[in-house]
1. I'd like to know if segment 146-168 contains one or more residues that are at pLDDT 90 or above, over 30 Å from residue 107 (Cβ atoms) and of a type outside the set (Phe, Trp, Tyr).
2. Does segment 123-137 hold any residues that are under 17 Å from the mean Cα position of the chain (by Cα) and farther than 15 Å from residue 350 by Cβ, and which are they?
3. Cβ-Cβ below 6 Å, separation at least six or inter-chain, first residue in segment 219-248 and assigned by TED's automatic domain parsing to the domain that holds residue 340 and at pLDDT 90 or above, second surrounded by fewer than 21 Cβ atoms within 10 Å (Cβ to Cβ) and among the polar types (S, T, N, Q): which pairs?
4. Tell me, yes or no, whether segment 173-188 has at least one residue that is modelled with pLDDT of 85 or more, over 28 Å from residue 362 (Cα atoms) and charged (D, E, K, R).
5. Those residues that are of a type in the set (S, T, N, Q) and outside any loop (DSSP other than H, G, I, E, B), I need them from segment 296-353; list them, please.
6. Considering segment 318-347 alone, what residues qualify as being surrounded by 18 or more Cβ atoms within 10 Å (Cβ to Cβ) and aliphatic (A, V, I, L, M)?
7. Would you please name the residue that is farthest from the chain's Cα centre (by Cα), looking only at residues in segment 385-399 that are more than 16 Å from residue 362 (Cβ to Cβ) and aliphatic (A, V, I, L, M)?
8. In this structure, is residue 277 within 15 Å of residue 257 (Cα to Cα), surrounded by fewer than 19 Cβ atoms within 10 Å (Cβ to Cβ) and in contact (Cβ under 8 Å) with a residue 12 or more places away in the chain?
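The values are calculated or read from the model by the stated rules, or taken from the named source; none is laboratory data. Predicted model only: the values in this text are computed from it and were never measured. Positions of Cβ are generated from backbone atoms using ideal geometry, with glycine treated the same way; all protein chains shown enter the neighbour counts.
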Amino acid sequence: MGTLMGRKTKALTALDVKRLVEPGMHFVGEVPGLALQVHSATSRSWVLRVMVGGKRRDHGLGGYPAVTLADAKTAAREARDRIKRGIDPIEEKRGERARLAAQQARTMTFDACAKAYIAAHAPSWSNSKHIDQWRNTLEAYASPVIGAVDVGAVDQAMVLRILEPIWSTKTETATRLRGRVESILDWATVREYRTGENPARWRGRLDKLLAKPSKVRKAKHHAALPYVQLGAFMKRLRDVEGLGARALEFAILTAARSGEVRGARRSEIDREGRLWTIPAGRMKAGREHRVPLSEQAIALLDALPELDADLLFPGRTSGMLSDMTLSAVLRRLKVDATVHGFRSTFRDWAAEQTNFPNEVAEMALAHTVSDKVEAAYRRGDLFVKRQKMMESWAGYMDTVRSDRKVIVGNFGRVA
């Protein structure tokens, strides 16, 4: 048990302490050994000078004025009481700092663990496409939910927030994603970044909460053209004459809905700014949507016939083109796809062939953000990033080999 050291001095008031500006140790009285150490006029801190184990020790109690005189006295009395009980408060504090440092060293976010896992296993994977698939699915679906979360805090509820929205509509993607999340969490457990059971494990856990993948009734989707066939298709489409073909081409270039394109007006186009502004009244979500126009989209608009109507793609009699007009172009070209399906083609391309963030593609499609927290933070419309994406999209569909196989390049890849 250590002995205590202090000196009797007149007890100072809070005002007295405030006036202490001369460098040095100023004992404040009432609690033996408690002093205000003045380093400079703007740097002062509390010190408790005591004897522990026969040695004089200075125990820091915090800076002044953040720690008041009253708080310093309370902390000093508690420290002296621990010394009486045989506890060294200085070593105790040092141990707490060491434990905190060790805990922080074991802390990693899910995204950081995913990056480390991929780096560790990529050399054993067969090709770069497999690596891209891992990265793209995790960035598209897992990162928005748990990317910034300490991997040790990832629980079953978070895993379900990732999987449930796509379990019935994109079952194959969801099952692969679940396995990838499970592998990353297992890796984090072995590396001692987390403890306990793996919340992404299927057998005995998620199989009790989610439908068996083989039993999920396949959702009926709009038929979509695989993006690898897009370049060859666009070459054929551009050989077709008529406003229907041009409206379909414009829809593909902008990833817009059929109704948005067929109702497009000249007054909505800013050629100099390469911008198409669709008013809220014509948008599914009821909000104005800005569409960046690629060079190819501007060239298409410049080549349209000069008409008196404000509509870009007017019908033969009056009003805008019908949706059937665009569908008829696809039937004429004998393509098993719908007009709306090209939006899925765009989304698949963005996820599997580019490194554009998931939210940029979702914003390009004018999808409503369902997560209220994400929506609160995302105030802008990511227009500059979407400009780059739409230029890459237009460039991708322009590249076709003579044998009609698409050249898969680095379109849209960003650092």
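1. No, because not a single residue in segment 146-168 is at pLDDT 90 or above, over 30 Å from residue 107 (Cβ atoms) and of a type outside the set (Phe, Trp, Tyr).
2. 134
3. Cβ pairs passing all conditions: 231/399.
4. Going residue by residue through segment 173-188, those that are modelled with pLDDT of 85 or more are 173-188.
Subsequent filtering for residues that are over 28 Å from residue 362 (Cα atoms) retains 186-188.
Now narrow it down to the ones that are charged (D, E, K, R): 186.
Yes, the conditions are met somewhere in segment 173-188.
5. Narrowing segment 296-353 to residues of a type in the set (S, T, N, Q): 296, 317-318, 322, 325, 327, 338, 344-345, 353.
Across segment 296-353, the qualifying residues are 296, 325, 327, 344, 345, 353.
6. Correct list: 320, 321, 326, 329, 330, 337, 339.
7. 397
8. Numbers: within 15 Å of residue 257 (Cα to Cα): yes; surrounded by fewer than 19 Cβ atoms within 10 Å (Cβ to Cβ): yes; in contact (Cβ under 8 Å) with a residue 12 or more places away in the chain: yes.
The answer is yes for residue 277.
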